[in-house]
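Just below is one structure, and these are the notes that go with it.
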Amino acid sequence: MAFHSDDISINTVIGAGSAVGGSLKVNGFIRIDGDIDGDVHTTGKVITGEHSRIRGSIVASSVIAGGIVEGDIIAPERIQLLSTAAVLGDVSTRRLEVAEHVLLHGYCISRKDEAGYEQAEKNRAERKAIAQRSLEQRTGNA
């Protein structure tokens, strides 16, 4: 049985001034204050500081974003976008909180009921895959 300490302590920290090239898979709670050029996947929660920069998607149980995310944020429990956040991608959650002055440029799903959320997320993923295939065909990268 795995021990999850999501609500007790941060398992992983990417500090200010740090840069990661590549995707991360983390079990538990992660705090990001640096730069990541890749996707972030965790079973727990993610907090991004106001000076963080992520060029990839975030998939977690919940996300509090204060920096720039150039990718999708998928967090079924909750997404909170702080006033310093900028998201250039889709957001998908059951509970969305957006502060004043947030830049959100993308498709937004916020459905409280489980069945409605799951169906909306499935539809979003299908639309994204179709758009990606279409782009690859137009640019000859298929």
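Is it the case that some residue within region 15-36 is under 27 Å from residue 126 (Cα atoms), touching a Phe, Trp or Tyr at 6+ places or on another chain (Cβ under 9 Å), open to solvent by less than 20 Å² (accessible area, probe 1.4 Å) and at pLDDT 95 or above? Checked against the condition, which is being under 27 Å from residue 126 (Cα atoms), touching a Phe, Trp or Tyr at 6+ places or on another chain (Cβ under 9 Å), open to solvent by less than 20 Å² (accessible area, probe 1.4 Å) and at pLDDT 95 or above, region 15-36 yields no hits at all.
Of the residues making up region 71-92, those that are of a type outside the set (A, V, I, L, M), under 9 Å from the mean Cα position of the chain (by Cα) and over 15 Å from residue 102 (Cβ atoms) are 71, 72, 92. Return yes when residue 101 is touching a Leu at 6+ places or on another chain (Cβ under 7 Å) and over 23 Å from residue 15 (Cβ atoms) and no when it is not. No; evaluated as a whole, the condition is false for this residue. One residue stands out among those in region 33-49 that are farther than 11 Å from residue 75 by Cβ and of a type in the set (Gly, Ala, Ser): the one that is nearest to the chain's Cα centre (by Cα), which is 38.
Give the residue, chosen from 109, 68, 64, that is closer than 21 Å to residue 28 by Cβ and β-branched (Val, Ile, Thr). If you could, list the steps in order and put the result at the bottom.
Values: 109 fails: closer than 21 Å to residue 28 by Cβ; 68 fails: closer than 21 Å to residue 28 by Cβ.
So the residue among 109, 68, 64 that is closer than 21 Å to residue 28 by Cβ and β-branched (Val, Ile, Thr) is 64.
Specify the residue that is least open to solvent (accessible area, probe 1.4 Å); the eligible residues are those in region 106-142 that are of a type in the set (Ser, Thr, Tyr) and touching a helix residue (DSSP H, G or I) at 6+ places or on another chain (Cβ under 9 Å).
Step one: list which residues in region 106-142 are of a type in the set (Ser, Thr, Tyr), which gives 107, 110, 117, 134, 139.
Next, from what is left, pick out any that are touching a helix residue (DSSP H, G or I) at 6+ places or on another chain (Cβ under 9 Å): 107, 110.
On the way: 107: 101, 110: 60 Å².
Of everything passing the filter in region 106-142, 110 is least open to solvent (accessible area, probe 1.4 Å).
When you look at residue 52, is it buried (at least 19 other Cβ atoms within 10 Å of the Cβ), over 26 Å from residue 126 (Cβ atoms) and over 12 Å from the mean Cα position of the chain (by Cα), yes or no? So residue 52 passes the test. Taken over region 97-121, the residue count meeting the criterion of being in a strand (DSSP E or B) and more than 20 Å from residue 52 (Cα to Cα) is 3. Looking at residue 103, is it more than 22 Å from residue 123 (Cβ to Cβ) and open to solvent by 60 Å² or more (accessible area, probe 1.4 Å)? In short, yes.
Among the residues of region 55-96, those that are in contact (Cβ under 8 Å) with a residue 24 or more places away in the chain, open to solvent by 20 Å² or more (accessible area, probe 1.4 Å) and among the hydrophobic types (A, V, I, L, M, F, W, C) comprise 74, 82.
The values are calculated or read from the model by the stated rules, or taken from the named source; none is laboratory data. Everything numeric here is computed off the predicted structure, so don't read it as measured data. Every residue, glycine as well, gets a Cβ built from its backbone with ideal geometry; the counts of neighbours run over all protein chains shown. Accessible surface areas use protein heavy atoms only, side chains included; no ligands, DNA or RNA. Shrake-Rupley method; radii C 1.70, N 1.55, O 1.52, S 1.80 Å.
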